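Participant: The structure under discussion is supplied below as structure tokens; questions concerning it will follow.
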Amino acid sequence: MAKRVYLFSEGSKEDRDLLGGKGANLCEMTSLGLPVPFGFIITTDTCREFFEAGNKLPSLLEQEYRVALDLVEKRMGARFGDPENPLLFSVRSGATVSMPGMMNTILNLGLNEEITEGLARRTGNPRFAWDCYRRFIQMFASVVLDANGASFEHELERYKAAHDKKLDVDLDADDWRAVVRIYQTLADVPEDPFDQLRMAVRAVFMSWHTPRALVYREMNNIPDTLGTAVNVQAMVFGNYGEDSGSGVAFTRNPATGEHKFFGEFLFNAAGEDVVAGIRTPLPLSALEERLPAVYQQLFQTQALLEKHYRDMQDIEFTVQEGKFFMLQTRGGKRTGRASVKIAVDMVGEGLITEREALMRVSPEHVESFLHPMVDPAAKRDVIATGLPASPGGATGRVVFSAEEAQEQAEAGHAVILVRRETTPEDIHGMKVAAGILTELGGMTSHAAVVARGMGVCAITGCDGLNINVASGTATTRDGASIRRGDVITLDGNTGDVMLGDIAKVEASDSDDFQVLLSWADKYRRLKVRANAETPEDAARARELGAEGIGLCRTEHMFFAADRIDIMRAMILSETREERQGYLDQLQVFQHDDLLALFKVMDGLPVTVRLLDPPLHEFLPHTPEDIRSLAQRVNKPVAKVEEIVSGLTEVNPMLGFRGCRLSVVYPEITQMQVRAIVSAAAEAMQAGYRPMPEIMIPLVVNVREVRLVTDIIDQCVREVSSAMSVSVPYRVGTMMETPRATLGADRLAPEVEFMSFGTNDLTQMTYGFSRDDAGRFIPKYLGKKLIDVDPFVSLDERAVGRLMEIAIRESRSRKKGIKYGICGEHGGDPRSIRFCHNLGLDYVSCSPFRVPIARIAAAQANVGLVPND
Ligand code: PEP
Ligand code: MG
């Protein structure tokens, strides 16, 4: 039978899985010779055994921990349950992955009236002893016996009022004894310390399943099956008197990453008082002043721990009667900027390697470098605060509607869109806004989700903001008012709303971040490209490190105001000649757009996808819009109506789109290829090195590919000879249909690259419509029918399997094909890891996710598990 109980002297930091993070670190500190109050740990295996047995403690467990307890007594020189020399315990949870504050803790365990009297005698401090006992009763009752904690607070308040006492410190030993008597009427706490211990162990195991722990695990992807360890540790007391106290500290600043010891301390206070924030803690300099020797010991300990763990540590300590004790150490939580600074600094200090530094930064941390931030050093006059829904800082004029936002933006002004809440109707305003501020909505509201997706700074749930669109004002809870046109600044990292233009630190200002990205480039194998159509997006992507365009959706180029009507007229054409006339006009636009793109992406591949969406997407659908279009293109309304309704499809996403358009309208494809090649030729004549890649969408069989390839080759020959330039180009296909992936061996000889369009491939593999799945996916997630939204994170089991088959079988037919991914998954770190393992050559994602993809690609290659 496996050992269920470990003394602190029997484990090490490598035993996280078995002993939990907290327990493993207590063991490690013990073996480092640090002053850790001794104790033992009941393993996470025992927790799982407990659940498997229907929430029953193993019959031999008590016998096992009593042996350990004897040894703890010897080491501490006190005895559990002995009134003459009592040993008290703290009993705490400790999962493998840290879940701060999510589970239960019981302090001062081992007290009853008789032992409390003994403690009072032994310490000569009856007030302290009775205070400990009342704290224990309250904790035990609410944590173990499920009593209502508030009723204890209530009784204490009543007692104080009745005895004319204001603060807890005004209560003396007799008062606390009287409070204990009252508490005893509220809960039936067992007298026997061993009964207390058994019940507490059970309660800690049970706390694994409290609703808040469940929610936390769900949010942080922690498996429900792990279970928690139980740490049973001898108590030390920070509330012993004025030469005692409790503190928490970080070995470096967790907000900025600055290499400076940083912490807080409360004199004459138990650890929970510091965490609860009832009294304002003092800086550590106060401890240094009053107890310099203790401070020295603390300082040396934190330095030793950081060096030992080779990471920034978050520590908890207690001072009892001038004696220093370490209670906890763990990797400290930090902001994105701090995580990068610390990782880069530690490489400089020789503490960690570049590879390790890369693994210390989560892709989410990287987000904070992609947006300008409000300068932390700037003076800020906060008029309201909401939820930091989307990171970054933004300044602009206040507008109260999407229409105003658009007007002002068109006039060249930065705007902050202020709304009660946003809906999809507001998208056009959100798109042009520098920032978004809403009165309602949480972190997953429409405004929050959309803003994050767009990379626009947003604050939601700004409670107390009262918006009056008619009068063009908003007032805050404190009475400040914002009028239409006022300039305000939003801090999307803190949720602060400020008047005026507050200075920003530019996103790319951090040298540390650039250093980290250069390491990412050194250690990754996957190339990273961007999905972009405009020269602006392409330039941004290149600046952020994109090594090419993996997907240029040419249809986006036809939506601009100066060409949409030509596109529509082309679609509405009734003869080939008529259509050709419009196509000639469109070719000029397409040529110019691509020329600009090739110039920006000089020397890098640009994958241009042939027209993909169903044609009806370009056409109006309301009677007024149809009427007005008919007038503009000079056609009878009835004719336009007839063509529009003729293009209507029952299942447009499975309909007349992709290369099916090339089959029916080869002239559209010819126009596009001519534009691509002539733009590339012109770029070459101007001294650029364009690398066009022509991509065929929504392929299902090899004959389609041959048909389109023939059109492409023919057009390339024509244009090249007309312009006397030999344009290098590649032809490839998107892999978006299950049939294409399963027939990849047949496609292989015809193409030079394959790019997985995992948006459509997911849609078709699941049979979940991309456009409608949002209605039921949250329910699927809620009912645990799926673990993640397959449109966000690649489904490895089926979609991934199709990809794997496609790669394996096409590769066996032809060497040298390049493989990429250009669906949304190309910017998702988990999917990127999968793509790396599949052996893809590149991922392509939206420009502002490029740095995240660079880091994720490096992490996939370095292959270590990221630190939590
Ligand atoms: C895809 O289907 O994954 C893809 C990239 O194409 P689109 O999103 O344009 O359909
Ligand atoms: Mg697609």
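The values are calculated or read from the model by the stated rules, or taken from the named source; none is laboratory data. Computed from a predicted model, the values in this text were never measured in an experiment. Every residue, glycine among them, receives a Cβ derived from its backbone with ideal geometry; neighbour counts consider all protein chains shown.
Participant: If only one of 556, 591 is under 29 Å from residue 637 (Cβ atoms) and of a type outside the set (Asp, Glu), which one is it?
Facilitator: After ruling out the rest, the residue left standing is 556.
Participant: Condition first: in contact (Cβ under 8 Å) with a residue 12 or more places away in the chain and either within 16 Å of ligand 2 (Cβ to nearest atom) or of a type in the set (Gly, Ala, Ser) (or both). Now tell me which residues in region 721-746 satisfy that.
Facilitator: Correct list: 732, 733, 734, 735, 736, 737, 738, 739, 740, 741, 743, 744.
Participant: Being surrounded by 14 or more Cβ atoms within 10 Å (Cβ to Cβ) and not in a helix (DSSP H, G or I) is the filter here, so list the residues in region 799-825 that pass it.
Facilitator: Passing the criteria: 814, 817, 818, 819, 820, 821, 822, 823.
Participant: From (1) assigned to a loop (DSSP other than H, G, I, E, B); (2) over 23 Å from residue 204 (Cα atoms), pick out the condition that doesn't hold for residue 146.
Facilitator: Here residue 146 meets the rest and fails (2).
Participant: Six or more apart or on different chains, Cβ under 6 Å: which pairs go from a residue in region 477-491 that's free of Cβ contacts under 8 Å to residues at least 40 places away in the same chain to one that's in a strand (DSSP E or B)? Could you list them?
Facilitator: Correct list of pairs: 481/473; 481/475.
Participant: Residue 237: surrounded by 15 or more Cβ atoms within 10 Å (Cβ to Cβ), out of contact with any helix residue (DSSP H, G or I) (no Cβ under 8 Å at 6 or more places or on another chain) and hydrophobic (A, V, I, L, M, F, W, C), yes or no?
Facilitator: Judged against the criteria, residue 237 is not a match.
Participant: Given (1) within 25 Å of residue 591 (Cα to Cα); (2) more than 16 Å from ligand 2 (Cβ to nearest atom); (3) in contact with a Leu (Cβ under 9 Å, 6 or more places away or on another chain), identify the lone condition not met by residue 755.
Facilitator: Of (1) within 25 Å of residue 591 (Cα to Cα); (2) more than 16 Å from ligand 2 (Cβ to nearest atom); (3) in contact with a Leu (Cβ under 9 Å, 6 or more places away or on another chain), only one is false for residue 755: (2).
Participant: While we're looking at this one, here's another question. If you scan region 508-535, which residues turn out to be in contact with a Leu (Cβ under 7 Å, 6 or more places away or on another chain), surrounded by fewer than 21 Cβ atoms within 10 Å (Cβ to Cβ) and more than 17 Å from residue 353 (Cβ to Cβ)?
Facilitator: Listed by number, the list holds a single entry, 535.
Participant: Looking at 732, 743 in this structure, which one is of a type in the set (Gly, Ala, Ser), closer than 22 Å to residue 802 by Cβ and within 35 Å of the chain's Cα centre (by Cα)?
Facilitator: The match here is 732.
Per-residue answers, yes or no, for (1) in contact with a strand residue (DSSP E or B) (Cβ under 9 Å, 6 or more places away or on another chain); (2) more than 16 Å from ligand 1 (Cβ to nearest atom); (3) free of Cβ contacts under 8 Å to residues at least 24 places away in the same chain:
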position: 625; (1), (2), (3): no, yes, yes
position: 631; (1), (2), (3): no, yes, yes
position: 636; (1), (2), (3): no, yes, yes
position: 643; (1), (2), (3): no, yes, no
position: 653; (1), (2), (3): no, no, no
position: 682; (1), (2), (3): no, yes, no
position: 698; (1), (2), (3): yes, no, no
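Participant: In addition: Could you list, in sequence order, the residues of region 796-828 that are under 19 Å from residue 747 (Cβ atoms) and within 14 Å of ligand 2 (Cβ to nearest atom)?
Facilitator: 799, 820, 821, 822, 823
Participant: For residues that are part of a helix (DSSP H, G or I), surrounded by 14 or more Cβ atoms within 10 Å (Cβ to Cβ) and either at pLDDT below 85 or basic (Lys, Arg) (or both), tally how many sit in region 761-798.
Facilitator: Number of matching residues: 3.
Participant: Among the polar types (S, T, N, Q), closer than 30 Å to residue 547 by Cβ and within 16 Å of ligand 2 (Cβ to nearest atom) - does that describe any residue in region 658-670?
Facilitator: Checked region 658-670: at least one residue is among the polar types (S, T, N, Q), closer than 30 Å to residue 547 by Cβ and within 16 Å of ligand 2 (Cβ to nearest atom).
Participant: Moving on to the next point. Only residues in region 530-555 that are more than 20 Å from residue 730 (Cα to Cα) and in contact (Cβ under 8 Å) with a residue 24 or more places away in the chain count as the first member; pair them with residues that are within 12 Å of ligand 1 (Cβ to nearest atom) and hydroxyl-bearing (Ser, Thr, Tyr), Cβ under 9 angstrom, at least 6 apart or cross-chain, and list the lot.
Facilitator: Once the first residue is more than 20 Å from residue 730 (Cα to Cα) and in contact (Cβ under 8 Å) with a residue 24 or more places away in the chain and sits in region 530-555, its partners that are within 12 Å of ligand 1 (Cβ to nearest atom) and hydroxyl-bearing (Ser, Thr, Tyr) give 537/846; 541/846.
Participant: Every residue in region 750-759 that is among the charged types (D, E, K, R) and in a helix (DSSP H, G or I), please.
Facilitator: Matches in region 750-759: 750 only.
Participant: Follow-up. Based on what the data block shows, is residue 765 closer than 18 Å to residue 840 by Cα and within 16 Å of ligand 2 (Cβ to nearest atom)?
Facilitator: No; evaluated as a whole, the condition is false for this residue.
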